[in-house]
Every structure is written in structure tokens, then in C-alpha cells.
1. Considering only residues that are surrounded by fewer than 22 Cβ atoms within 10 Å (Cβ to Cβ) and in contact with a Lys or Arg (Cβ under 8 Å, 6 or more places away or on another chain), look in the range 7-49 and name the one that is nearest to Ala223 (Cα to Cα).
2. Name, by its number, the condition in (1) more than 15 Å from the ligand (Cβ to nearest atom); (2) in a loop (DSSP other than H, G, I, E, B); (3) not polar (S, T, N, Q) that does not hold for Arg153.
3. Across the range 73-122, what is the total count of residues that are closer than 13 Å to Cys46 by Cβ, within 16 Å of the ligand (Cβ to nearest atom) and outside any helix (DSSP H, G or I)?
4. Give me the residue from the range 217-241 that is free of Cβ contacts under 8 Å to residues at least 40 places away in the same chain and more than 9 Å from the ligand (Cβ to nearest atom) and, out of that set, least open to solvent (accessible area, probe 1.4 Å).
5. Just checking, how many residues over the range 178-188 are surrounded by 18 or more Cβ atoms within 10 Å (Cβ to Cβ) and part of a loop (DSSP other than H, G, I, E, B)?
6. Which residue out of Gly214, Gly199, Gly163 is open to solvent by less than 20 Å² (accessible area, probe 1.4 Å), of a type outside the set (A, V, I, L, M) and either in contact (Cβ under 8 Å) with a residue 24 or more places away in the chain or more than 16 Å from the ligand (Cβ to nearest atom) (or both)?
7. I need the full set of residues from the range 136-160 which are open to solvent by 60 Å² or more (accessible area, probe 1.4 Å) and among the polar types (S, T, N, Q), in order please.
8. Quick check on my filter: what residues within the range 1-47 are in contact with a helix residue (DSSP H, G or I) (Cβ under 6 Å, 6 or more places away or on another chain), basic (Lys, Arg) and within 16 Å of the ligand (Cβ to nearest atom)?
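The values are calculated or read from the model by the stated rules, or taken from the named source; none is laboratory data. Small disclaimer: the values here were computed from a predicted structure and weren't measured. Quick reminder, even Gly has a Cβ in these numbers, built from the backbone with ideal geometry, and neighbours come from all protein chains shown. Areas reflect the complete protein model, heavy atoms only, side chains present, ligands, DNA and RNA absent. Shrake-Rupley method; radii C 1.70, N 1.55, O 1.52, S 1.80 Å.
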Amino acid sequence: MSQQRTPLIAGNWKMNGRLEDGAERAEDLAGRMQAKGGGGFQMLLCPPATLLTAVGAAIADSGIFLGAQDCHFNDSGAHTGDISAAMLADLGCSHVIVGHSERRADHGENDALVNAKAAAAIAAGLIAIVCVGETEAQRDAGETNQVVAGQARGSVPDGANAGNLVIAYEPVWAIGTGRTPTAAEVQAVHAMIRATMAGITNDQTAAGCRILYGGSVKPGNAAELLSLADVDGGLVGGASLSADDFWAIATAAG
Ligand code: PGA
């Protein structure tokens, strides 16, 4: 973590939750956030689209941010089942995740599509959280840096800056598995991403842009991961479904 970049602790609820438990968890976190009275980190909840309104109501005035898990690259039109970034902004979202590896794998999303989605998010006034990360086979082949830098180059849109873009490094093999890279490996990849960002954008953006780590972040490993120089927060899946665990992770950041 750096002095310059406020840590962002983001909960990616994925396809989990119903109105009752979703709102309850959000209210629980809102209460803790209000009691804490702000401070060392920003908190973001990214529930499924069905829960955005209820979670948004539950966290109103708490300082917790609301985000979505995906968006379309067009503003409106004939795209059955899709939701645009402008619609998310209309609902009170401030952030949207794009290019999560589960979208890349389940929906065949490539860097060009992720880039278009991130551009649409930024145009709608949202902060785009662009996900990158290597598979286990790529890691075993020693291709981590090449893959991750390539995804960043392909997925970060023109006009991205430290205020409208967050990168999430999520090794695919670490997601939901309980396995993580070592702290030294995480730091090395994050530093490499920051150097790549300097090439894609400029030094100022690279220095200010937050790079989150995601993949089996838990209360037990959060303090170590979040203390790394180029780790500016976490994108938390499974552990964000427990208010206690998510809060423990967040408070490890500050
Ligand atoms: P996990 O998921 O924390 O359950 O590993 C992280 C993510 O996919 O964002």
C-alpha cells in the first residue's frame, strides 16, 4: 500500500444472494462503516444486478460505494439481457467490474470487448475495474508477465486515468481455490503491471492507479497481501459473502 493511493476493498458477490440476505449483509456493513467513521480504505460492494437497488438503499449515506459486475459497451439498444453502463450510473453505481476471468471464460470475452466495455463505463462516469490474470497453464509455462501485460495493453481504454480506472490482478488459478501466489510473486506482478501502465498511459496515471489483488483473499492473508507496496486493495469473491470476513479484510487495509 502507498500513502498516495487509498486502498479499495471490493466485494464481488458474483451470482449469489437474494433480496433478504443481500440487503441484510449490506446493512450490516453499512452500520460498521458508519461506526468507523471513514478512514483508511474505501469499500465497494458489487452485488448481482438484481440486488443493486436493494443494496444501494442499504448502503446509502454509509460511504460504501455501489458497483456492478459487468456492463454492455453500448448505451442502449437491441441487446436483450444486457445492461449498459449508463443504466448502472442511473441506479447509483460508481464502479463496474469488466473483464473478470469468469466473463472471459463463460462468455468468450476478449481484450477488445473488455476495452470497449471499460471505455463505455468511463464515458458513463463510472470507474472501470479491469481484471487481468493468467491461467495455471500459462503460469506453469512461465508466461505470467507476458499474458498479464498483454491483457492490460489490450483492455485499458484510451482516456483511462488514475481517477477512472482500477486494475485487478486475479490469477485465474487462485480464484475460489484457497491458493494464492506468494507475497513476493504478487508484488512482482503488480510492479510489472504498474510499469506496463506507464507505457500504456503515462507516469502520473501509473503512479496513481490502484491495482487490486484478487484470488482467495481471506481474513488470514489480507494483512500480508494488502501491505505490499504495489497492492492497493483487494477484489474479494467468496469471503465477501460474509460480513464478518469482508469487514476483517477491509480493516486489515486500514
Ligand atoms: P475469490 O474470488 O475471492 O472467491 O477467490 C475473487 C474474484 O473472482 O474476484
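1. Pro7
2. It fails just one condition, (2).
3. Total satisfying the criteria: 5.
4. Among them, the one singled out is Ala222.
5. To start, the set of residues in the range 178-188 that are surrounded by 18 or more Cβ atoms within 10 Å (Cβ to Cβ) comprises 180-181, 186-187.
Right, trim to part of a loop (DSSP other than H, G, I, E, B) and you get 180-181.
Adding up the residues that qualify gives 2.
6. Values: Gly199 fails: open to solvent by less than 20 Å² (accessible area, probe 1.4 Å); Gly163 fails: open to solvent by less than 20 Å² (accessible area, probe 1.4 Å).
Only one candidate qualifies: Gly214.
7. Answer for the range 136-160, where residues must be open to solvent by 60 Å² or more (accessible area, probe 1.4 Å) and among the polar types (S, T, N, Q): Asn145, Gln146.
8. Passing the criteria: only Arg25.
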